[in-house]
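Working notes, structure below.
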Amino acid sequence: MAVPKQRKTKSRRNQRRMHIHAKKPSLTDCPQCKEKKLMHTMCNSCGYYKGREVVDVLKKDKKKGEEKKPQEKEKKSLTMEGLSQKKKES
C-alpha cells in the first residue's frame, strides 16, 4: 500500500488548492430595464427574458383561500391588577 515518505507542507497544500474557490457571478445589463441580472435568466425587476415578457411582475399573486385578516387590533395595556388575575388563572 502506498504511503507518503514525507509530509506535504501547508504551502504546497495551499498552492494546490489555490484555484479551488467560488467565483463572482457574471452579471449583464437587462436590455429592457438596464438592471443587473444573471446571464441566461429572467430579469427579476421587469420579468423579461430574450425580449419577451415571461412573468408579469406588476400582478400581485394571491393564494387560494387566503383572505386579509384584520391587522388593526387594539392592544390592551396590562396593569398590575390584570397581571395578578392572569397569574391566578394559570
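The numbers here are math on the coordinates, done by the rules we state, and not lab data. Bear in mind the structure is a predicted one, so any value in this text is a computation, not a measurement. Note that each Cβ is placed from the backbone with ideal geometry, even for glycine, and that neighbours are counted across all protein chains shown.
The table below gives the values:
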read-out: Output for region 23-44, where each listed residue is within 23 Å of Leu58 (Cβ to Cβ) and part of a loop (DSSP other than H, G, I, E, B); value: Cys30, Pro31, Gln32, Cys33, Lys34, Glu35, Thr41, Met42, Cys43, Asn44
read-out: Every pair of residues 6+ apart whose Cβ atoms lie under 7 Å, when the first sits in region 35-55 and is within 22 Å of Lys23 (Cβ to Cβ) and in contact (Cβ under 8 Å) with a residue 60 or more places away in the chain while the second is outside any loop (DSSP other than H, G, I, E, B) and not aromatic (Phe, Trp, Tyr); value: none
